[in-house]
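Working notes for the structure below.
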Amino acid sequence: MEITLRAVQDDDLTVFHRQMTDPEAARMAAFGPEDPHDPQAFAAYWQRLRDSSDVLRTVLADGTVAGSAAVYGVAGEREVTYWIDRAYWGRGVATAALRALLAQVPERPLYARAAADNGASLRVLEKCGFREAARARGYANARGREIEEVVLVLPAS
């Protein structure tokens, strides 16, 4: 399967909305938009992202939209994030997409956060060179409560 990244297009948002409202995927990811089920709030959320200086990419698997990947935040504290459609889980798509994103954004350090119980995402980040730096607690919109999260760092070489 060929994994590529491209700039986010308007048509991608419909797919992203479907992906982020998948109950199983949302629970696993834990952190996401406050109300992904409200189409107008979701559109406004993505418009804010697209108006920012964030690096936003659509993940394509053999030319089909499989998810999104991004680098966001202020210099020195920028974080990576990704969301892959559940149909592609366990197939190396997230790892390949994150590696491609890291090749496009050479600045370091970069940070990432994942729910402590999201072993799959933690493995993706570790395969891409991220290492655990801290543990914290954060409010997870998809779970409606505060949970433990792992803070990871990809240091400068």
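The values are calculated or read from the model by the stated rules, or taken from the named source; none is laboratory data. Worth saying up front: this structure is predicted, and the values here are computed from it rather than measured. Here Cβ is always computed from backbone atoms with ideal geometry, including for glycine, and neighbour counts include all displayed protein chains. In case anyone asks, the SASA skips ligands and DNA or RNA and just uses the protein heavy atoms, side chains included. Shrake-Rupley method; radii C 1.70, N 1.55, O 1.52, S 1.80 Å.
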For region 104-157, run through the GluC sites (Glu not before Pro) and keep only the ones in DSSP coil with at most 15 other Cβ atoms within 10 Å of their Cβ.
GLU107
Taking a label point 7 Å from the Cα of ARG18 along the Cα→Cβ vector, which residues of region 29-64 have an amide N closer than 18 Å to it?
36-40, 42-43, 58-64
Computed over region 55-116, the convex hull of the Cα set has an average projected area, in nm², of 4.5 nm²
Output the antiparallel fraction of DSSP beta bridges having both residues in the chain, as a percent to the nearest 5.
95 percent
Euclidean distance of C-alpha centroids, region 97-157 and region 47-84, integer Å
14 Å
If you put +1 on each Lys and Arg Cβ and -1 on each Asp and Glu Cβ, how big is the dipole of region 59-113 around its Cα centre, in Debye rounded to 20?
140 debye
Residue of GLY32, GLY138, GLY76 that the Gaussian network model of the chain assigns the largest fluctuation, springs spanning Cα pairs under 10 Å:
GLY76
Sorted from largest to smallest, which semi-axis lengths in Å does the alpha carbon gyration tensor of region 87-157 give for its equivalent ellipsoid, taking the root of 5 times each eigenvalue?
21, 17, 10
Normalised radius of gyration for region 8-60, please: alpha carbon Rg relative to 2.2 N^0.38 Å, two decimal places.
1.10
Solvent-accessible area per residue for the chain at a 1.4 Å probe radius, Å²?
53 Å²
